[in-house]
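Reading through the structure tokens given below for one structure.
The values are calculated or read from the model by the stated rules, or taken from the named source; none is laboratory data. Keep in mind that this is a model prediction, so the values were computed, not measured. Please note: Cβ atoms are built from the backbone with ideal geometry, for glycine as well, and neighbour counts cover all protein chains shown.
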């Protein structure tokens, strides 16, 4: 099961959240038929969005478009640990020539923004920052420093099998709290230079708490929560699409009724909903009756 752990470290001078997201990224890959670069980009963004939502204690919508061939990345994550998302083009696969590693930067691009929207008291707040590398982790690190004014380090990783299925996925965010000393920051920076890749840790069986131990050492942290469940969840339904159809113009509904049926598709989970001609007529009649 995918989970998230929360901790304070170095006498509450540092905040660390770490998570394993292999199952939920695997669900996204299966639903969208993602190729490796698309899997890595969406999986990293989903992981970072979950960390952001839980950290902010707010539901967030994250959108990235760096002008690359993958086009838009859109993710919705909740403070309760659920997430859904999609990419504009799921069929992207590029590698770095010198290592064979998945090239996410080229697929995403760097000519654009990372945007984070939060809904607070029924009001939408949007913050954003320019993309730095298109590798997602660097872009979230910069976002927290520039838009949130919180010095942070974000680590993300997704490993993809040869058959495009997901082998491992996870991430962490470290944030410096106001009382943090320069000595602690220097020690942490040195640790981060030599740490294993987070995807390798997850592949090797690390739990979120194990990732925290790897980051700060076994005796330097206070665990706040070790087992917050994370999962893929899409709230779409046929009723939601029905309400959307009812908002169309009468003339548009009349055009749709000329067909025997129509198929609607949820961008987030790829679930298809069929509306028959009789159902469309019923929607049209309800719309017309409500106007009277």
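Odds and ends about this structure:
- Applying the set (1) free of Cβ contacts under 8 Å to residues at least 60 places away in the same chain; (2) closer than 30 Å to residue 161 by Cβ; (3) loosely packed, with under 12 Cβ neighbours inside 10 Å to residue 229 leaves exactly one unmet item: (1).
- Test for residue 68: is it at pLDDT 95 or above, more than 20 Å from residue 224 (Cβ to Cβ) and either touching a helix residue (DSSP H, G or I) at 6+ places or on another chain (Cβ under 9 Å) or not assigned by TED's automatic domain parsing to the domain that holds residue 135 (or both): yes
- Failed item in (1) over 16 Å from residue 164 (Cβ atoms); (2) buried (at least 19 other Cβ atoms within 10 Å of the Cβ); (3) out of contact with any helix residue (DSSP H, G or I) (no Cβ under 6 Å at 6 or more places or on another chain), with residue 62 passing the rest: (3)
- Hits in the stretch 12-26 - residues which are out of contact with any helix residue (DSSP H, G or I) (no Cβ under 9 Å at 6 or more places or on another chain) and under 29 Å from residue 177 (Cα atoms): 12
- Evaluation of residue 272 against (1) out of contact with any helix residue (DSSP H, G or I) (no Cβ under 7 Å at 6 or more places or on another chain); (2) under 30 Å from residue 9 (Cα atoms); (3) surrounded by fewer than 16 Cβ atoms within 10 Å (Cβ to Cβ) (one fails), failing number: (2)
- Residue in the stretch 82-89 that is in a loop (DSSP other than H, G, I, E, B) and either modelled with pLDDT under 95 or crowded, with 19+ Cβ neighbours inside 10 Å (or both) present: no
- Residues of the stretch 1-31 that turn out to be out of contact with any strand residue (DSSP E or B) (no Cβ under 6 Å at 6 or more places or on another chain) and under 26 Å from residue 70 (Cβ atoms), as a count: 4
- The criterion of at least 1 residues that are within 27 Å of the chain's Cα centre (by Cα) and at pLDDT 90 or above is met by the following helices (runs of 4 or more DSSP H) wholly inside the stretch 184-270: 198-203, 208-216, 238-246.
- Given (1) touching a strand residue (DSSP E or B) at 6+ places or on another chain (Cβ under 7 Å); (2) free of Cβ contacts under 8 Å to residues at least 40 places away in the same chain, number of the condition residue 113 does not satisfy: (2)
- Identity of the residue in the stretch 140-165, in contact (Cβ under 8 Å) with a residue 24 or more places away in the chain and surrounded by fewer than 15 Cβ atoms within 10 Å (Cβ to Cβ), that ends up farthest from residue 34 (Cα to Cα): 151
- The condition of being in the same structural domain as residue 204 (by TED's automatic domain parsing), under 25 Å from residue 192 (Cβ atoms), touching a helix residue (DSSP H, G or I) at 6+ places or on another chain (Cβ under 6 Å) and at pLDDT 95 or above holds for only one of 53, 9, 77, that being 77.
- Residues (outside any strand (DSSP E or B) and either crowded, with 17+ Cβ neighbours inside 10 Å or under 19 Å from the mean Cα position of the chain (by Cα) (or both)) located in the stretch 95-131: 103, 104, 105, 106, 107, 108, 109, 110, 112, 131
- Condition check for residue 24: buried (at least 24 other Cβ atoms within 10 Å of the Cβ) and within 16 Å of residue 270 (Cβ to Cβ): yes
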